[in-house]
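K.L.:
Input: one structure, supplied below.
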Amino acid sequence: MKADAKAVPIGMAVSNVGKSITIRGWIYRKRSSGGKIFAVVRDVSGTVQCVVDKAKIAEKEWTEIDAAYLESSVIIKGVPKKDERAPGGIELEVEKVSVVHIGEQFPITEYQSPEFLLDVRHLWLRSQRMISVMKARANIFRYARNFLDRNGFFEISAPLITVAGGETGSNLFEVDYFGQKAFLTESSQLYAEAMVPALEKVYSLAPSYRAEKSRTTKHLAEYWHLEPEMAYFDSKKNMKLQEKLVSHIAASLAKENEELLKYFEISKDALLKIRPPFKRLSYEKALQLLNEKGSAKKWGDDFGVDEERLLTEDESAPIFVYNWPKEIKPFYMPINPKDPRTVLCDDMLAPKGHGEIIGGSERTWKLDELTARMEEVEQIQKIKFDKEKYAWWIDLRRYGSVPHSGFGMGMERLIKWLLNLEHIRDAIPFPRLINRLTP
Ligand code: 4AD
Ligand code: MG
């Protein structure tokens, strides 16, 4: 059988009952009994049990399929038949088998440690679990892009190799750039800001890098960061856009992914209930609530996993905590004129302990205010900005600067929450973790 023979997706076998079809896939399970081989074959569209009867096919083909391993690649011609006992309700009665690549014995067997599965991630990606995550991930990326594209945004690309930090700057990976010290970007925000006067509403969807020494279930050293940036948006408009985006993604996931929802045991109704407006708590109010719930956090403290959990324990949709103390937020966030202890910003916290999925803010757009804010941050955080390295970004405040806002959403954090995954490493095909750089 030729590899380019017209193949039918396995998921379509059920609508071809009684007709001879060709499928192309990989052996997912295999057993033999009484002169028959039962091979469950998978492709991206599904799985089907193929029944090979020794008496009905050529001897050479029997020998080949008999010797094939799990994950050997195969092309099979056969007739789908309804059979209640078969997984999925149909079975393929095999007429012809060709083993494309018999390969070697597949190293993954049924019970394996998570560490081993990470070691062989390049192979584990073929598991039903990872296939399901990756399908959901691709769809979620598409829904996010669709929403922004339809709302007048332009997708932009920022450099990932930079000379200065875009956040705290304390978690940067250093790169030797032809003898010059450079860093992997921690956010594309500063570049997105430069493109606002040109395109007004932009977004970047690209990796960000964080050299955080955190060994938690929600930190990756390399993650995919969706960063919209909008002219003439204030903090309120910014939050509205964030909740619309997240609701759109949740609703699309609910409406278009019946099988995936079943696989991950996610309720469609629960996803459809994620609708604007999300609850909004000022930092001050959130702190009060935490104190009422017994937390000892005081003004100026950042919130950790415990606080995020306490704040969202009764929620089924994400919440905003907005206007945080200026001491714990970055240099680009403007002072809140109504309460100068705070800056105009928001974090979106997902329920069930999944934690922060979005960080956003207005941007300081006036030169004198930016200079003052950067000097203040230098004092508070006991750091020194290398102004030369930020010169181009500061320069934006000299020519037709306008009020603008933006935010960053961690795509794997979003996926972890939506699919209710235990660990963020499963939301990305090849996770980069503090103790893992391969495969
Ligand atoms: O809150 P962060 O640090 O904000 C920024 O980088 C802004 N410059 C974004 C912007 O306004 N354009 O990061 C934004 C989001 C977080 O809310 C979180 O979802 C995700 O990025 N994130 C991580 N995801 C996975 N692993 C990590 N180590 C992450 N650090 C942040
Ligand atoms: Mg943040």
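K.L.:
Given the residues M239, M230, which is the only one that is touching a residue at least 60 places away in the same chain (Cβ under 8 Å), within 15 Å of ligand 2 (Cβ to nearest atom) and of a type in the set (A, V, I, L, M, F, W, C)?
P.N.:
That would be M239, the only listed residue that is touching a residue at least 60 places away in the same chain (Cβ under 8 Å), within 15 Å of ligand 2 (Cβ to nearest atom) and of a type in the set (A, V, I, L, M, F, W, C).
K.L.:
Looking at the range 90-117, I want the residues that are touching a residue at least 60 places away in the same chain (Cβ under 8 Å) and have a partner that is polar (S, T, N, Q) with Cβ atoms under 9 Å, at least 6 apart or on another chain. Which pairs are those?
P.N.:
I90/Q49; L92/Q49; E95/S20; K96/T22; V100/S72; V100/S73
K.L.:
While we're looking at this one, here's another question. With respect to the numbered conditions (1) more than 10 Å from ligand 1 (Cβ to nearest atom); (2) surrounded by 14 or more Cβ atoms within 10 Å (Cβ to Cβ), which one is the sole condition not fulfilled by A427?
P.N.:
Going through (1) more than 10 Å from ligand 1 (Cβ to nearest atom); (2) surrounded by 14 or more Cβ atoms within 10 Å (Cβ to Cβ) one by one, A427 breaks only (1).
K.L.:
Is it the case that T22 is modelled with pLDDT of 95 or more, hydroxyl-bearing (S, T, Y) and buried (at least 18 other Cβ atoms within 10 Å of the Cβ)? Lay out the reasoning, then the answer.
P.N.:
Values: modelled with pLDDT of 95 or more: yes; hydroxyl-bearing (S, T, Y): yes; buried (at least 18 other Cβ atoms within 10 Å of the Cβ): no.
In short, no.
K.L.:
Further question on the same structure: Take the residues in the range 400-419 that are near ligand 1 (Cβ under 7 Å from one of its atoms) and more than 10 Å from the chain's Cα centre (by Cα), then tell me which one is nearest to S132 (Cα to Cα). Reasoning before the result, please.
P.N.:
So in the range 400-419, the residues near ligand 1 (Cβ under 7 Å from one of its atoms) come out as 406-410, 412-413.
With the extra rule that they be more than 10 Å from the chain's Cα centre (by Cα), the set shrinks to 406-408.
Numbers: G406: 31, F407: 28, G408: 25 Å.
Restricting to residues being near ligand 1 (Cβ under 7 Å from one of its atoms) and more than 10 Å from the chain's Cα centre (by Cα), the top hit is G408.
K.L.:
What is the one condition in (1) closer than 15 Å to F147 by Cβ; (2) assigned to a helix (DSSP H, G or I) that R275 does not satisfy?
P.N.:
Evaluating R275 over (1) closer than 15 Å to F147 by Cβ; (2) assigned to a helix (DSSP H, G or I) leaves (2) as the failure.
K.L.:
Looking at (1) crowded, with 22+ Cβ neighbours inside 10 Å; (2) more than 10 Å from ligand 1 (Cβ to nearest atom); (3) under 18 Å from I428 (Cβ atoms); (4) not basic (K, R), which is the one condition that is false for E186?
P.N.:
For E186, the failing item is (2).
K.L.:
Restrict the check to the range 238-259 and report whether at least one residue is of a type in the set (A, V, I, L, M), surrounded by fewer than 21 Cβ atoms within 10 Å (Cβ to Cβ) and more than 16 Å from ligand 1 (Cβ to nearest atom).
P.N.:
The answer is yes; a qualifying residue exists.
The values are calculated or read from the model by the stated rules, or taken from the named source; none is laboratory data. None of the values given here were measured: they were computed from a predicted structure. Heads up, the Cβs are rebuilt from the backbone with ideal geometry, glycines too, and the neighbour counts pull from every protein chain shown.
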